[in-house]
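Notes to accompany the following structure.
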Amino acid sequence: MLTVFAPHAPSQIFAFVTIFRCTRRLRINNTLRHSSSYLSSLLLSNETFFSNRPEPGSRFCSSSSSSRPSSAIMGSLSVLGERLQYPLARRDDSVVEDYHGVKIEDPYRWLEDPDAEEVKEFVENQVKLTESVLGKCETKEKLRQNITKLFDHPRYDSPFRRGNKYFYFHNTGLQAQSVLYMQDDLDAEPEVLLDPNTLSDDGTVSMNTFSVSEDAKYLAYGLSSSGSDWVTVKLIKIEDKKVEPDTLSWVKFSVITWTHDSNGFFYCRYPAPKEGEDIDAGTETSSNLYHELYYHFLGTDQSQDILCWRDHENPKYMFGAEVTDDGKYLILSIGESCDPVNKLYYCDMSSLSGGLESFRGTSSFLPFIKLVDTFDAQYGVISNDDTLFTFVTNKDAPKYKLVQVDLKEPNTWTDVVEEHEKDVLASACAVNGDQLVACYMSDVKHILQIRDLKSGSLLHQLPLDIGAVSDVSARREDSTFFFSFTSFLTPGVIYKCDLANESPEVKVFREVVVPGFDREAFQATQVFYPSNDGTKIPMFIVAKKDIKLDGSHPCLLYGYGGFNISITPSFSASRIVLSKHLGVVFCFANIRGGGEYGEEWHKAGSLAKKQNCFDDFISGAEYLVSTGYTQPSKLCIEGGSNGGLLIGACINQRPDLFGCALAHVGVMDMLRFHKFTIGHAWTSDFGCSENEEEFHWLIKYSPLHNVKRPWEQQTDNLVQYPSTMLLTADHDDRVVPLHSLKLLATMQHVLCTSLENSPQTNPIIGRIEVNAGHGAGLPTKKMINEAADRYSFMAKMVNASWTE
């Protein structure tokens with residue numbers, strides 16, 4: 001089913017994003033049609049990342065029988081009122097690399113081996129240090145209790161239809177993972193189809209992706225363990241809920257796409273490890289290369305699957321496949337990076353003599369025809385009428401437009417909906433025959449329209465509050481569709497829109513109610529502040545109503561700024577608790593590098609212009625101080641993944657401006673990131689140190705390589721780094737833990753342990769979770785515990801007082 005294309009979400013299979021929300025949803029219904037439509041969405045809707053300390057048996061824990069002596073420690077007088085004891089990490093000064101004539105030391109390269117005993121001991125010592133700090137954060141238990149209480153409310157995703165059934169995800173409140181339900185009609189009693197909570201004792205097995213066959217007879221679903229990107233695909237017969245023996249391994253960065261005869265489905269995988277290789281999937285750091293597209297026939301062993309496409313001449317290429325609504329065409333999208341560009345091939349499956357069966361036991365690929373064979377723009381399928389296809393594209397349209405092309409005349413492309421002058425076409429899907437649901441983003445707020453699919457003309461604009469639309473669930477054959485809406489002060493509403501009559505009828509289908517949350521006690525505003533080059537940057541500010549702008553408030557500033565990803569309004573239970581009980585003002589700066597204003601906004605914060613991201617964020621912090629929302633000692637900054645890089649760079653560049661920093665799963669070693677797992681795909685946003693010009697971009701802001709003692713750089717010898725928590729997890733195979741570990745060791749050495757009585761009294765600690773990954777699939781309890789940890793640390797560091 002071709003449902004939704006979301007151009008503002010680029011190849012997020014490669015990218016990484018932390019969006020703090022109260023719900024954790026598999027955004028399957030609004031399948032993103034981007035340059036490589038490999039996965040429904042990796043916009044992580046997890047409110048938090050990781051929690052708890054490493055446990056025995058973790059690859060990051062030393063054996064209890066280890067005879068290795070304890071590390072020596074050095075201390076500095078901490079803001080906690082006592083001398084903070086830092087472990088001494090070994091420095092190997094012999095590791096020096098030559099980058100285009102520039103010698104760069106890498107004394108902690110040994111931390112890149114997650115299985116080494118010395119690394120396990122390093123992590124174990126850091127865990128003990130962090131536990132000692134968190135033990136002195138008085139608000140930790142109150143935060144945990146209050147976030148748990150506010151989090152304990154029923155949550156739903158938009159229902160979607162397959163065959164004659166409806167399906168939806170539901171979480172009763174504190175379940176580790178949301179449960180997949182089905183029902184014969186919207187008024188029928190729902191039945192549990194698949195409950196991931198039964199698959200592990202600790203809730204760390206999650207559903208990463210899934211697809212229901214067109215006739216609703218089978219469910220194929222991918223399971224991820226401990227948050228890893230690796231997936232094992234299983235199969236359920238829906239009628240009796242029997243798990244079939246079909247098991248597909250080494251699947252990664254893949255959607256599941258059924259043929260309409262329900263005989264099987266397409267999926268993507270990597271080659272299996274060589275025989276004898278012992279791999280704990282999710283903890284390895286080797287590059288992901290040689291993606292492959294397969295077709296699996298039901299009831300057969302994976303070894304009999306048809307290899308449909310691969311490209312050994314281009315090992316970094318990645319593939320995504322989808323079957324058109326008419327079941328006739330297989331669309332192959334090819335990408336090589338996070339840039340919103342892709343090649344586009346198609347295969348007319350109706351023309352295959354003998355069908356897909358005829359390819360069993362052969363070495364022939366499917367006969368794809370190349371429609372677009374260059375990486376000059378992004379193309380995503382919206383719909384087709386036989387050979388006439390409608391695509392969304394950024395070809396000569398950085399804010400995206402809709403175009404049509406007839407496969408019989410592949411060189412003639414016609415605009416259907418032209419690029420908007422200011423607003424970004426955020427998603428589009430066909431519905432009700434020849435109509436289109438188009439979602440535009442206007443100044444980071446969504447607008448929902450009904451348009452004519454053939455002419456592109458505007459038919460209706462649906463009434464919406466200020467906020468964000470997600471989970472659009474529509475089929476061209478249906479006259480109704482569903483969509484979810486949320487905002488900073490709206491926990492969630494699912495709307496049902498009926499297009500059967502001339503005027504759309506929009507009704508509330510379900511509304512999330514959060515007991516104890518009073519939206520009237522808060523206010524959300526949007527401001528536009530100037531960056532240092534004069535560019536106006538939008539920022540949302542959420543606080544209690546009628547606060548005095550006297551600089552007294554604790555403030556949490558969040559940012560991302562990369563990979564064409566937009567940070568739109570969303571509800572968060574933990575943020576509400578912070579504001580209600582700690583008086584925190586929380587803010588979101590929509591800095592350049594994201595997709596808030598289209599591809600030009602993205603490019604203005606990438607590659608040689610990456611410094612714009614840091615300048616925009618720093619200017620946002622300065623705005624909050626100058627307007628009286630907060631002061632530097634009470635300002636905490638937070639970001640994850642690419643946003644973790646943002647935090648690492650900003651504390652290096654302006655340590656005087658912040659009181660606390662929380663950096664989740666950040667890309668911290670900008671000279672070596674491309675060597676690990678899927679890091680090679682990020683060079684489209686960052687560049688690569690193997691290129692001399694790009695090396696000089698990267699070395700200027702790489703967090704790992706720019707840690708300096710601020711008291712030696714500035715005349716004010718009282719300046720030090722803000723209290724800092726670096727967060728990572730043992731099964732993060734997107735941004736591997738070595739980034740955070742190497743930066744942690746470097747900061748502690750340069751700022752603390754290399755000096756006696758160091759001026760750096762603000763703590764520098766790391767929080768390292770086990771059985772967790774980059775954020776996807778994190779169990780509810782872990783999310784809550786991690787939120788309590790990091791925000792109690794923040795509260796202690798910015799001196800925020802608890803009020804009931």
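The values are calculated or read from the model by the stated rules, or taken from the named source; none is laboratory data. Not measured: the values here are computed from a predicted model. Backbone-built Cβ (ideal geometry, glycine too); neighbour counts: all protein chains shown. Heavy atoms of the whole protein, side chains included, go into the accessibility calculation; ligands, DNA and RNA do not. Shrake-Rupley method; radii C 1.70, N 1.55, O 1.52, S 1.80 Å.
What the table below lists for this structure:
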quantity: With every protein chain in place, the chain: carbon and sulfur % of accessible area (1.4 Å); calculated: 46 percent
quantity: Solvent exposure of the range 138-241 as accessible area per residue, Å², 1.4 Å probe; calculated: 40 Å²
quantity: Kirkwood Rh in Å, taken over the range 422-494 so that all alpha-carbon pairs contribute; calculated: 12.5 Å
quantity: Accessible area (Å², 1.4 Å probe, nearest 10) - PHE160; calculated: 10 Å²
quantity: Lysine pairs within the range 75-188, Cα separation less than 20 Å, 8 or more sequence positions apart or different chains; calculated: 4
quantity: Cα radius of gyration and Dmax for the range 704-777 (Å); calculated: 14.5, 47
quantity: Reach of LYS408 by Cα under 20 Å, taken over lysines that are not fewer than 8 positions away in the same chain; calculated: LYS328, LYS343, LYS370, LYS454
quantity: Cα long-axis angle, helix 738-748 against the chain (0 to 90 degrees, to the nearest 10); calculated: 20 degrees
quantity: Residue among TRP413, TYR270, HIS731 farthest towards the positive dipole end of the chain, charges placed on Cβ; calculated: HIS731
quantity: On Cα atoms only, tilt of 573-582 relative to the major axis of the chain in degrees; calculated: 30 degrees
quantity: Point-charge dipole on Cβ atoms (K/R +1, D/E -1) for the range 672-804, about Cα centre, debye to 20; calculated: 260 debye
quantity: Solvent-accessible heavy-atom area per residue, rounded to whole Å², over the range 519-632 at 1.4 Å; calculated: 29 Å²
quantity: Accessible surface, 1.4 Å probe, highest first, among residues ASP733, ASP195; calculated: ASP195, ASP733
quantity: Net dipole in debye of the range 80-210 [+1 Lys, Arg Cβ; -1 Asp, Glu Cβ; about Cα centre; nearest 20]; calculated: 620 debye
quantity: At most 15 other Cβ within 10 Å, DSSP loop - GluC sites (Glu not before Pro), the range 174-255; calculated: GLU239
quantity: Student exercise, the chain dipole from Lys, Arg, Asp, Glu Cβ charges, in Debye to nearest 20; calculated: 1980 debye
quantity: For VAL416, distant residues with modelled amide H under 5 Å away; calculated: LEU402, VAL403, GLN404
quantity: Estimated Rh, the chain: Kirkwood, alpha-carbon pairs, angstrom; calculated: 26.8 Å
quantity: Dipole of the chain [Lys/Arg +1, Asp/Glu -1 at C-beta], most positive-end residue of PRO554, ASN314, LEU111; calculated: PRO554
quantity: Global form of the range 548-707, assessed from the alpha-carbon gyration tensor, a/c cut-off 1.5; calculated: prolate
quantity: Per-peptide average of other Cβ atoms within 10 Å, ordering 608-615, 131-138 highest first; calculated: 608-615, 131-138
quantity: Positive-end extreme of charge dipole, the range 172-244 - chosen from SER226, ILE238, GLY173 (charges on Cβ); calculated: SER226
quantity: Accessible area of LYS237 in the full protein assembly, 1.4 Å probe (Å², nearest 10); calculated: 70 Å²
quantity: Loop-located GluC sites (Glu not before Pro) in the range 409-474 whose Cβ has at most 13 other Cβ within 10 Å (DSSP); calculated: GLU418, GLU421
quantity: Highest average packing first - 659-665, 488-494, Cβ atoms within 10 Å; calculated: 659-665, 488-494
quantity: Principal-axis tilt of helix 642-653 within the chain, Cα atoms, nearest 10 degrees; calculated: 30 degrees
quantity: Peptide ranges 784-792, 498-506 listed from the most packed, as the mean C-beta count within 10 angstrom indicates; calculated: 784-792, 498-506
quantity: Solvent-accessible surface (1.4 angstrom probe) belonging to TRP250, in square angstrom, nearest 10; calculated: 70 Å²
quantity: Per-residue ³J(HN,Hα) for the range 433-442, Karplus 6.51 cos²θ - 1.76 cosθ + 1.60, θ = phi - 60°, Hz, x for Gly and Pro; calculated: x, 10, 10, 9, 9, 10, 10, 9, 10, 10
quantity: Heavy-atom surface of the range 696-804, accessible at 1.4 Å and reported per residue (Å²); calculated: 28 Å²
quantity: Three semi-axes of the equivalent ellipsoid, the range 193-343, Cα gyration tensor, whole Å, largest first; calculated: 24, 22, 14
quantity: For the range 171-216: Kirkwood Rh in Å [reciprocal of mean 1/r, alpha carbons]; calculated: 12.1 Å
quantity: Solvent exposure ordering (accessible area, 1.4 Å, most first) of ASP434, ASP423; calculated: ASP434, ASP423
